[in-house]
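The values are calculated or read from the model by the stated rules, or taken from the named source; none is laboratory data. The shown structure was predicted, so the numbers you read here are calculated from the model rather than taken from an experiment. Virtual Cβ from ideal backbone geometry, glycine too; neighbours counted across all protein chains shown.
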């Protein structure tokens, strides 16, 4: 019997791990990836919370499952998807057609464009950067310097930039930024022990195993300071340093502070790729604009279209651990569908 | 009575059983977004009045919600109704209308 074909859209970590499992279950799996490498956002992340392990180690592990088992089409975007009976016809940017019995959407997320929070001055003031910019400095092994090449003495992290903010239309919590801020604060203190580091937060959401431990370590071992308040604005001084306005809500007083470097913890938004693919096949989105799963608790990998499934951050912000777990769950769900759904016919 | 030089301190606790939530109920009715504040303090950080007086809008709202309303009239009079807080609030609380409703409530009392 001919192997059933699955097309996986997006070669980030969700696409990689679900493909590995599906290939191991003897399906014919093709990943369509727009970039020239697999790994998605994790490629830009040097170290991972909460253990500080290298992102590359996770990618190496995931690669071992993909290599030799899964077909990969690089540098390719999808322009059209059509469903005829139970078969999908997928057209790629170079005019090729790929057939599939099931489609797994793993189109992930984009980082929030911090320029939309104009009051924080990203791309207006030179010493305002994003968490992603900072991580890039770590990844490239560069020194942390202010725009005019000085070692920063005081660094601030702003939590919830583009998250929990109805003024930019994103009411949800992006989940990973709190712990990422703590991780990056620790890494800065490791490199610049003399620097003072402040995290401005609304709520510290340390939900994961070991997150609270990292938070405590940041206070105890590294002396990172935490101020409960959300910035109303940041502005630039004559010398290029940044002055922030915030209420220290626990002290009950407005507070101003000069900082040499301000790091904006940008949240998750549905990726451009998700939006495009969603429109092509008519995938439903939820109130937060991420793809809507058929059920919040149970049918978490199932879309509104039979034969189309989800894995990873295209349905909601997720940690790497959660994404990998979700990818494996999606693989089983797709396999069940292609095996005449002994379990997929359950209703809720 | 003989004065022995001792005095009794007033109880500092918020007495949730005795406190009257009349103002809170009135504001909830008039401006339902009063309920969705997460106390992030952005309003107070951007507050023009708060730079020069001890006006603290976040605190005022929480005090009303707890029924600690003895200073509300005095506090609410410090607001200049400039509306910057409404622009800054991440939860889209209609802060300006909250203030107007607090003013109405204290005048009704």
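Within the range B:30-49, the residues that satisfy the criterion of being free of Cβ contacts under 8 Å to residues at least 40 places away in the same chain and out of contact with any strand residue (DSSP E or B) (no Cβ under 6 Å at 6 or more places or on another chain) are B:32, B:35, B:39, B:47, B:48, B:49.
The condition (being in contact with a strand residue (DSSP E or B) (Cβ under 9 Å, 6 or more places away or on another chain) and either under 24 Å from residue A:245 (Cα atoms) or within 14 Å of chain B (Cβ to nearest Cβ) (or both)) is satisfied by just one residue among A:148, A:113: A:113. The criterion of at least 3 residues that are over 30 Å from residue A:125 (Cα atoms) and touching a residue at least 24 places away in the same chain (Cβ under 8 Å) is met by the following strands (runs of 3 or more DSSP E) wholly inside the range A:241-335: A:308-310. Does the range B:27-43 contain any residue that is over 11 Å from the mean Cα position of the chain (by Cα), within 14 Å of another protein chain (Cβ to nearest Cβ), over 30 Å from residue A:199 (Cβ atoms) and not in a helix (DSSP H, G or I)? No, every residue in the range B:27-43 fails to be over 11 Å from the mean Cα position of the chain (by Cα), within 14 Å of another protein chain (Cβ to nearest Cβ), over 30 Å from residue A:199 (Cβ atoms) and not in a helix (DSSP H, G or I).
In the set (1) surrounded by 18 or more Cβ atoms within 10 Å (Cβ to Cβ); (2) more than 14 Å from chain B (Cβ to nearest Cβ), the condition left unmet by residue A:159 is number (2). Considering A:145, A:192, A:214, the condition of being without any contact (Cβ under 8 Å) to a residue 12 or more places away in the chain and over 30 Å from residue B:84 (Cα atoms) is satisfied by A:145 alone. Looking at residue B:80, is it within 13 Å of another protein chain (Cβ to nearest Cβ) and in contact (Cβ under 8 Å) with a residue 24 or more places away in the chain? In short, no.
Can residue A:230 be described as in a loop (DSSP other than H, G, I, E, B), buried (at least 20 other Cβ atoms within 10 Å of the Cβ) and either under 28 Å from the mean Cα position of the chain (by Cα) or in the same structural domain as residue A:165 (by TED's automatic domain parsing) (or both)? When the stated conditions are applied, residue A:230 passes them.
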